[in-house]
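What follows is a single structure, written as structure tokens, with notes after it.
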Amino acid sequence: MSEIEWQHIFDLQLAIESFPYILQGIGYTILISFGGMAFGLILGFFLALGRTSKLSLFRWPARIFISYMRGTPMLVFLFLLYFGLPNIGIQFSAVTAALIGFSLHSSAYMAEIIRSSLNAVDKGQWEAATALGMSYWQSLLFVILPQTTRISIPPLSNVLLDLIKASSLAAMITVPDLFQRAKIVGGREFDYMTVYILVGLIYWGICLLVEVWQNYLEKRSTYN
């Protein structure tokens, strides 16, 4: 067994020189993760309503979609969108495929979070809103959703953190994000250890900023 060459674990000079190039991919990382979160949240909201609907016409399609997305690896779904769909004449750019994939995939998880948050609101709130003459949508928008938002902030923030980290999978379909650029530098310089540590630190920094934002939102919702 050969000895570990500790001096080759992290090349500070290479990290400093490659940092600007790798950081150029941060735009794609943010687009995919935050874009996937935004679109996924919208779709997840309607999936949650369908999941809790008394009508089987809405409830079962929502349940099947959520089950499929939660039971399918993200990478497999990305490959289906980018490499599979062209076989039937549907073709997306790598970035579009990644954005669609992450939006659809995350919507299933957010749908369950929103559903459980809606169920956590006391049913008396619905009854009180109805007694005031509010319609279903008025009750939902002005009475139930504000309370649901406070409950769902922590788990939804965790979904965003997972999306930021999982966005590195987009490199597998050639999206030039942080991880893809790190792979290029590692292959060119024959030093994957340094660039992977560096890109890991960059992801960590982004997640730390999201955690600060999450804590701010939690404190603000608590005080309100």
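Within the same chain, aspartates and glutamates fewer than 8 places from Lys165 are excluded, and of the rest, those with a Cα less than 14 Å from its Cα are Asp177, Glu211. Taking only C-alpha pairs under 8 Å that are 6+ residues apart, what is the relative contact order of the range 1-120 in percent? That works out to 40 percent. Residues considered: Thr148, Thr96, Thr72. Largest GNM mean-square fluctuation over the chain, using C-alpha springs under 10 Å, is found at Thr72. For the range 22-77, a/c is not less than 1.5, where a ≥ b ≥ c are the root eigenvalues of the C-alpha gyration tensor, and a/b does not top b/c. That puts it in the oblate class.
Projecting label points 7 angstrom from Cα along Cα→Cβ for Gln147 and Trp204 puts them 4.2 nm apart. Could you tell me what percent of the accessible area of the range 1-93 is made up of carbon and sulfur, with a 1.4 Å probe and every protein chain present? The nonpolar share, carbon plus sulfur, comes to 68 percent.
When Lys and Arg each count +1 and Asp and Glu each count -1, what net charge do the other residues less than 13 Å away from Ala108, Cβ to Cβ, add up to? Neighbourhood net charge equals +2.
Among Lys123, Lys165, the order of accessible area from largest down is Lys123, Lys165, computed with a 1.4 Å probe on protein heavy atoms. The relative contact order of the chain comes to 31 percent, based on Cα pairs under 8 Å that sit 6 or more residues apart. Ranking Phe65, Phe77, Phe58, Phe190 from most to least accessible surface, computed with a 1.4 Å probe over the protein chains only, gives Phe190, Phe58, Phe65, Phe77. Overall shape: prolate for the range 91-224, with the ratio a/c of the largest to smallest alpha carbon gyration tensor axis at 1.5 or above and a/b above b/c.
Tell me which DSSP H helices of the chain clear both cut-offs, 30 Å or more of axial length from alpha-carbon atoms and a mean Kyte-Doolittle hydropathy of at least -1.0. The qualifying helices are 26-51, 94-120, 192-223. Rounded to the nearest 0.05, the FRET efficiency derived from the C-beta distance between Trp137 and Ile197 at R0 = 35 Å is 0.10.
Which sequence of Arg70, Arg63 reflects their accessible areas, 1.4 Å probe, from the largest down?
Largest accessible area first, the list is Arg70, Arg63.
Give me the accessible area of His105, 1.4 Å probe, in Å² rounded to the nearest 10. His105 has an accessible surface of roughly 20 Å² with all protein chains in place. Between Ile151, Ile22, Ile90, the residue with the greatest mean-square fluctuation in the GNM of the chain (Cα pairs under 10 Å linked by springs) is Ile90. Remark on the range 168-224: hydrodynamic radius 13.1 angstrom, per the Kirkwood mean of 1/r across alpha carbon pairs. By a 1.4 Å probe calculation restricted to protein chains, Trp204 has an accessible surface near 150 Å², given to the nearest 10. Taking 7 Å steps out from each Cα toward its Cβ at Ser116 and Glu189 produces label points 4.2 nm apart. Using only the Cα atoms of the chain, each taken as one equal point scatterer with no solvent, compute I(q) by the Debye sum, divide by I(0), and report log10 of the ratio at q = 0.12, 0.13 Å⁻¹. One equal scatterer on each Cα of the chain leads to -0.77, -0.86.
Helical content alone sets the calculated 222 nm signal of the chain at -24500 deg cm²/dmol, taking -39,500 (n - 2.57) per DSSP H segment of four or more residues and averaging over every residue. Taking the chain as a Gaussian network, Cα atoms linked when under 10 Å apart, which of Ile173, Ile114, Ile88 shows the biggest mean-square fluctuation? So, out of Ile173, Ile114, Ile88, the one fluctuating most is Ile88.
Computed over protein heavy atoms with a 1.4 Å probe, the accessible surface of the range 68-161 works out to 51 Å² per residue.
The values are calculated or read from the model by the stated rules, or taken from the named source; none is laboratory data. As the structure is a prediction and not an experimental result, all values here were calculated from the model. Here Cβ is always computed from backbone atoms with ideal geometry, including for glycine, and neighbour counts include all displayed protein chains. Note: areas computed on protein heavy atoms with side chains; ligands, DNA, RNA excluded. Shrake-Rupley method; radii C 1.70, N 1.55, O 1.52, S 1.80 Å.
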